[in-house]
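*Asks:* This is the structure I want to talk about, given as structure tokens.
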Amino acid sequence: MTIYVVEDDLALARGMKFTLEKEGYRVETFSGCAALREAVERRQPDLLLLDWNLPDGDGLKLCGEIKAGRDIPVLMITARDMEIDQVMCLEEGADDYIAKPFSLAVLKARITALLRRSGREGEGEAALCSGAFRLDLRKMKAYREAEELDLSPTELRLLRYFLENKNQVLLKEQILARVWDENGTFVEENILPVNVRRLRRKLGEGAGENGPIKTIHGMGYLWEEK
């Protein structure tokens, strides 16, 4: 399930993207009206989070434009919190409204409720995505573009941990504890580099580090999302 986030506050946009991807959504962020228009022409999202005040236009007018002839649920995000502002959002076609500042927990609850009301709850695949790679969390299957990858259960758990922690250095001890040692069972430390090599090969990286899995010498590994 794909969510488009249109928000020119880059820190807030990154926070929403990180939180929602943890929930299994595919998230794309945009900082203005023009970029969103182009994206919607290419592919319609399952949900749109749209800021009212944008650097290149009025988000509320853009909401009306997007909703015309399209069945896309829209959650307006704005610093305006007067009753008249909420009425204006709803009259322009927005399905819901959330005022800044808000907690990400409240945002997640609003999204869940909106998807339920729009009949989209449960549509699509809850997935973790990065570049060409996607991990279907319901079926526990991994894909590179449209090609399904032949990963073992351990490799799937390892891939999931990397995708849940993109662009973060993961210590060897952390990975061993999460992927192998959840039940307190002792495992050899060299099991990790062996499985990382196998995963790299199956992802199409060969034995090198041209792909997203980077070795942080003396520490662990990092999944680099560019």
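*Asks:* Hand me the list of helices (runs of 4 or more DSSP H) wholly inside region 124-226 holding 2 or more residues that are within 30 Å of T2 (Cα to Cα), at pLDDT 90 or above and more than 23 Å from the chain's Cα centre (by Cα).
*Replies:* Here the list reads 191-203.
*Asks:* On to the next question. Which one of the conditions (1) free of Cβ contacts under 8 Å to residues at least 60 places away in the same chain; (2) crowded, with 22+ Cβ neighbours inside 10 Å does E7 fail to meet, given that it meets all the rest?
*Replies:* Every condition holds for E7 apart from (1).
*Asks:* Residue by residue through region 54-72, note down the ones that are farther than 14 Å from C89 by Cβ and among the β-branched types (V, I, T).
*Replies:* Correct list: I72 only.
*Asks:* Let me ask you something else. Would you tally the residues in region 47-79 being in contact with a Gly (Cβ under 7 Å, 6 or more places away or on another chain), open to solvent by 40 Å² or more (accessible area, probe 1.4 Å) and not in a helix (DSSP H, G or I)?
*Replies:* 3
*Asks:* Could you figure out which of (1) free of Cβ contacts under 8 Å to residues at least 40 places away in the same chain; (2) open to solvent by 20 Å² or more (accessible area, probe 1.4 Å) isn't true of R26?
*Replies:* With (1) free of Cβ contacts under 8 Å to residues at least 40 places away in the same chain; (2) open to solvent by 20 Å² or more (accessible area, probe 1.4 Å) applied to R26, the lone miss is (1).
*Asks:* Applying the selection to region 144-160, what residues are in contact with a strand residue (DSSP E or B) (Cβ under 7 Å, 6 or more places away or on another chain) and crowded, with 16+ Cβ neighbours inside 10 Å? Please lay out each step first, then the result.
*Replies:* Looking only at region 144-160, we keep the residues that are in contact with a strand residue (DSSP E or B) (Cβ under 7 Å, 6 or more places away or on another chain), and these are 144, 148-149, 151, 156, 159-160.
Selection gives L149, L151, L156, L159, R160.
*Asks:* Could you list all residues from region 94-118 that are of a type in the set (D, E, K, R) and part of a loop (DSSP other than H, G, I, E, B)?
*Replies:* If we filter region 94-118 for residues that are of a type in the set (D, E, K, R), which is where we start, we get 95-96, 100, 108, 110, 116-117.
Selection gives D95, K100.
The values are calculated or read from the model by the stated rules, or taken from the named source; none is laboratory data. What you see is a predicted model; the values in this text were computed from it and never measured. Please note: Cβ atoms are built from the backbone with ideal geometry, for glycine as well, and neighbour counts cover all protein chains shown. For the accessible areas, the whole protein counts, side chains as well, though only heavy atoms, and no ligand, DNA or RNA atoms are used. Shrake-Rupley method; radii C 1.70, N 1.55, O 1.52, S 1.80 Å.
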